[in-house]
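These notes concern the structure reproduced below.
What follows draws every value from the coordinates through simple rules; no lab data is involved. Just so you know, these numbers come straight off a predicted model, no measurement behind them. Counting neighbours? That spans all protein chains shown, and the Cβs are built from the backbone with ideal geometry, glycine included.
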Amino acid sequence: MNSGWGKPAGTPDRPDNQPAIAPETAQAVARRLAYLREQLKTATAKADYATQESTQREIVSLAAAVSGADSPSTFVQRVGHVNVLLSLDQPEALTEARSLADRCLAVLGPGHEMTFHARDSLLQAMAARESPVSVVDPAKAAFDDASRTFGRRSLITLRSQSTYARSLTMVGRFAESLDLCGELREAMSAFVTPDATVRASIDMTHRLTLVAAGRFTEALEKITAAAELMAKKYGTSHPSLHLFRVQHAQLLNFLGDPHTAAAEARQAADVFAAHFGPEHSNTLVAYVIEGRSLVALGKTAEAVDATRYAYEHLLWRWGRPHFHALTAGVALCEALTADGRADESLGLARVLAGQSLQEFGPEHHIPLTARRRAAEALVATGDVEQGRKELAVSLADHIRVLGNDHPYTERCRQAQPAA
């Protein structure tokens, strides 16, 4: 069994139908590849994603010239290109990932390591561009196939298990995901030198799942530790660090520190805007977190502006009510109600409740929260009796889905109007 990104023993790197290039050309290509790889390292360290994308694209082309378009080494570079496209929030990431996965399967077969890596990249792209519900079954199938092919403790299987666990978290099945995360962390502890990429995937899945499960204090500790490591590696201005800052700010909101949360979210939004532009998903999500902080601080008009901008641009960017757009919409409802615009909030919340139910299914906190926002808006419009009834139903659903002690359940309980 092969343990890295290479090919099984005996697999030719260049298909027989691909002619070899002339020696002098091969030397020139090799020099160019060496230069591009150094340029890619520099661009990665500086978070220069535009240079990363153009460099990675050229590396793919040169790898195809040297080894053939259908060689494992070219497929490796195409996976790298998909990852950069995902970082840039580009829609073509899904098309490229699907093309790559199909080609690996056709050329290398279902049992090749590269096929599994391409399959995992496709699942990441699907999670970013399609409904999270659509990822769960393919992710489970990939995990099962990897287990049969490579064994439960191989790095490929652990990566597939992490992807499957994350897909469960995204549809609200966090209890199952927590069990898988426990297995993953135990398995990784057996490695003397854990693979950094697989470790990062597992840690990210675990942090997201802790947040979904409402274990905010534990999640905050892990996010803080991860941010400190990122700062040591890349410095304090790298956008990857500010991804942690956004998560940190989100948790601070829940834990009652909106002042710090607002400052951290704004700082992250400024960094993201400088690196990616004002309409990148990372920037817009930071605006949502800032908006929620502003509501808690009583700055409701500013909160409406921030969350509306994020919601409208996320809808436009994705072309559909994706996770981030729905989250922004629910935050906008909260801001509208707090700003005295309950009628507008009620109409939007009703729409979001239906869209999020279709997107995630009934076991997710977003449709639950959207329905709670609608009930709160009803109370704010003066229809207290109907609002009370809907809040009571919402609380029962929160207890059934999330549990009696989940923070979202407690917030729903606090929203019940006095008799």
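Once Lys and Arg get +1 and Asp and Glu get -1 on their Cβ, which of A125, P417, P367 lies farthest toward the positive end of the dipole of the chain?
Projecting each Cα onto the dipole axis, the largest value belongs to A125.
Any chance you could list P(r) for the stretch 18-125, counting all Cα-Cα pairs in 10 angstrom bins from zero, rounded to whole %?
Once binned at 10 Å, the Cα pair distances of the stretch 18-125 give 16, 43, 33, 8, 0.
Kindly identify the stretch 124-189 as rounded, prolate or oblate by the Cα gyration tensor criterion: order the square roots of the eigenvalues as a ≥ b ≥ c, call it rounded if a/c is under 1.5, otherwise compare a/b with b/c, prolate if a/b is larger, else oblate.
Oblate, because a/c is 1.5 or more while a/b does not exceed b/c.
Listed highest first by mean packing, meaning other Cβ atoms within 10 Å per residue, what order do 162-173, 205-216, 390-401 come in?
For the peptides 162-173, 205-216, 390-401, the packing ranking is 162-173, 205-216, 390-401.
Find the centroid of the Cα atoms in the stretch 82-149 and in the stretch 348-419, then give the distance between the two in whole Å.
Using only Cα atoms, the two centres lie 35 Å from each other.
Is the shape of the stretch 135-234 rounded, prolate or oblate, going by the alpha carbon gyration tensor and its root eigenvalues a ≥ b ≥ c, with a/c under 1.5 for rounded and a/b larger than b/c for prolate?
oblate
Would you mind computing, in nm to one decimal, how far apart the modelled labels at E130 and R320 are, each placed 7 Å from Cα along Cα→Cβ?
Distance between the two pseudo-spin positions: 0.8 nm.
Counting Lys and Arg as +1 and Asp and Glu as -1, each charge on the Cβ, what is the dipole of the stretch 93-147 about the Cα centre in debye, to the nearest 20?
120
Quick check on the stretch 163-305: take the gyration tensor over C-alpha atoms, sort the square-rooted eigenvalues as a ≥ b ≥ c, and tell me if it's rounded (a/c under 1.5), prolate or oblate.
prolate
Among V304, A274, P239, which residue has its Cα furthest toward the positive end of the charge dipole of the stretch 228-346, with +1 on Lys/Arg Cβ and -1 on Asp/Glu Cβ?
Towards the positive end, the residue furthest out is P239.
Modelling each spin label as a point 7 Å along the Cα-to-Cβ direction, I'd like the Y35/A196 distance in nm, to one decimal.
2.6
Calculate how steeply helix 72-87 sits against the longest principal axis of the alpha-carbon atoms of the chain, using the helix alpha-carbon long axis, and give the answer as 0 to 90 degrees to the nearest 10.
Taking the Cα atoms of the chain, the angle to 72-87 is about 20 degrees.
To the nearest 20 debye, what charge dipole does the stretch 128-251 have about its Cα centre, counting +1 at the Cβ of each Lys and Arg and -1 at the Cβ of each Asp and Glu?
260
For labels at A175 and N404 in the simple 7 Å Cα→Cβ model, what's the distance in nm?
Result: 1.4 nm between the two label points.
For A28 and Q414 in one chain, what is 0.36 nm times their gap in residues minus the Cα-Cα distance, to one decimal in nm?
This chain segment gains 132.1 nm when fully extended.
Would you work out the charge dipole size for the chain about its Cα centre, treating the Cβ of every Lys and Arg as +1 and the Cβ of every Asp and Glu as -1, and quote it to the nearest 20 debye?
In debye, rounded to 20, the chain gives about 560.
Between D270 and R148, what FRET efficiency follows from the Cβ-Cβ distance if R0 is 51 Å, with the result rounded to 0.05?
0.60
Work out the charge dipole of the chain with +1 on the Cβ of Lys and Arg and -1 on the Cβ of Asp and Glu about the Cα centre, then indicate which of L94, V79, L346 is farthest towards its positive end.
V79
Kindly state, to the nearest 0.05, the FRET efficiency for Q386 paired with D137, given R0 = 30 Å and r defined as their beta-carbon distance.
0.20
Kindly flag which residue pairs out of K46/K299; K222/K389; K46/K222 have an alpha-carbon separation exceeding 28 Å in this structure.
Beyond 28 Å: K46/K299; K222/K389.
Mind pulling the angle between the C-alpha long axis of helix 384-402 and the longest principal axis of the chain? Nearest 10 degrees, somewhere in 0 to 90.
So the inclination is approximately 40 degrees.
Measure nothing fancy, just the Cα-based angle from helix 196-212's long axis to the longest principal axis of the chain, in degrees from 0 to 90, nearest 10.
10
With only alpha-carbon atoms in the gyration tensor, what are the semi-axes of the equivalent ellipsoid for the stretch 260-419, in Å, largest first?
Largest first, the stretch 260-419 gives 26, 17, 15 Å.
In bins 10 Å wide, starting from 0, what share of all Cα pairs of the chain does each bin hold, as a percent?
5, 19, 30, 24, 13, 6, 2, 0, 0
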